[in-house]
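A short write-up of the structure that comes next.
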Amino acid sequence: MTTAVVTGAASGIGRALARALHDRGAELILADIDDAALTTTADALGARAVPADVSDPSAMTALASAAGEARLICLNAGVVGPSLSAPWEVPAAEWDRVFAINVAGVVNGLRAFVPGLLASGEPAHVLVTASLAGLAVFPGGGAYGPSKHAVAAVVQHAAMALEGTAVRISMICPALVATGMSAEGTDPALVAEEALRAVDDGVFAVVPAEWRGAVVTQAERLAAGRPPVPPAPVG
């Protein structure tokens with residue numbers, strides 16, 4: 001039976017991942033900064049709750065210690081931030097908070113878990129929740145889009161560093177998901193199921209099919225020295 005860790009597990013994609021893993025028979029260690037919501041989710045799934053702030057390196061080290069023999073680590077916690085405007089219009093404190101959670105939260109998780117996973121010599125997997133906003137640039141977006149671009153880069157760097165080891169890493173890059181961050185979008189349960197299928201199948205990045213062309217178009221324009229245009233889905 002797999003033991004899995006999920007951060008940001010009290011709501012949204014994290015809670016959906018926890019439920020999907022529970023349905024697969026995994027033993028769960030769930031983490032979130034919202035103690036009350038975390039307890040509710042953990043109790044419903046028979047999971048162990050470990051309150052943790054992913055932006056705090058010591059909290060992530062403690063989570064890794066509590067997780068013991070976990071071999072699936074879902075680094076999912078993230079925030080959007082209230083200012084979805086031009087970069088210079090986003091307050092400095094908001095830049096700091098969004099990057100501390102979205103980017104440093106992933107780095108702290110890798111630092112806390114990966115050395116132990118490598119030392120075990122056993123097959124293991126790290127699943128990171130990135131975003132379509134980390135692959136394509138949208139108008140506005142505040143600090144969120146740039147933070148997710150950084151997350152996507154961290155995951156790619158990590159994948160190169162882990163090449164040839166028993167530890168794999170992958171990322172999911174969903175578009176709008178109906179969570180606390182957005183009232184509209186894909187059901188998080190569908191995102192979670194697709195994510196776990198990708199882990200099973202060895203897929204490195206899960207990108208919505210209708211947005212793949214837009215990601216490629218923006219990259220081509222950048223490589224050609226042309227300014228970006230707002231992305232649009234196809235199909």
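The values are calculated or read from the model by the stated rules, or taken from the named source; none is laboratory data. Remember, it's a predicted structure, so these values are computed and weren't measured experimentally. Note: ideal-geometry Cβ built from the backbone for every residue, glycine included; neighbour counts use all protein chains shown. For accessibility, only protein heavy atoms count, side chains too; no ligands or nucleic acids. Shrake-Rupley method; radii C 1.70, N 1.55, O 1.52, S 1.80 Å.
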Output ordering of 33-46, 70-83 (per-residue mean of other Cβ within 10 Å, highest first) is 70-83, 33-46
From most to least accessible, 1.4 Å probe, no ligand or DNA/RNA atoms counted, 110, 17, 176 line up as 176, 110, 17
Note, residue 55: beta-carbon cut-off 13 Å, +1 each Lys/Arg, -1 each Asp/Glu, net -2
antiparallel share of DSSP beta bridges within the chain, to nearest 5, in %, is 5
Ranked output for segments 219-231, 115-127, 3-15, 157-169 by mean other Cβ atoms within 10 Å, highest leading, reads 3-15, 115-127, 157-169, 219-231
Rounded to the nearest 10 Å², the accessible area of residue 48 using a 1.4 Å probe with every protein chain kept is 130
Contour minus Cα-Cα span, residue 92 to residue 166, at 0.36 nm per residue, comes to 22.7 nm
Rounded to the nearest 10 degrees, the helix 35-45 long axis (Cα) sits at an angle to the longest Cα principal axis of the chain of 70
Reviewing (1) 12.9; (2) 13.7; (3) 11.9, the figure for mean projected area of the Cα convex hull in nm² actually calculated from this model sits under (1)
As a percent rounded to 5, the proportion of antiparallel DSSP bridges among beta bridges in segment 107-235 is 10
Nearest 10, in degrees from 0 to 90: the angle of helix 92-102 to the longest Cα principal axis of the chain is 50
Computed, not fitted: 222 nm per-residue ellipticity of the chain from DSSP H runs ≥ 4 (each -39500 (n - 2.57)), nearest 500, equal to -14500 deg cm²/dmol
Rounded to whole Å², per residue accessible area for the chain with a 1.4 Å probe reads 48
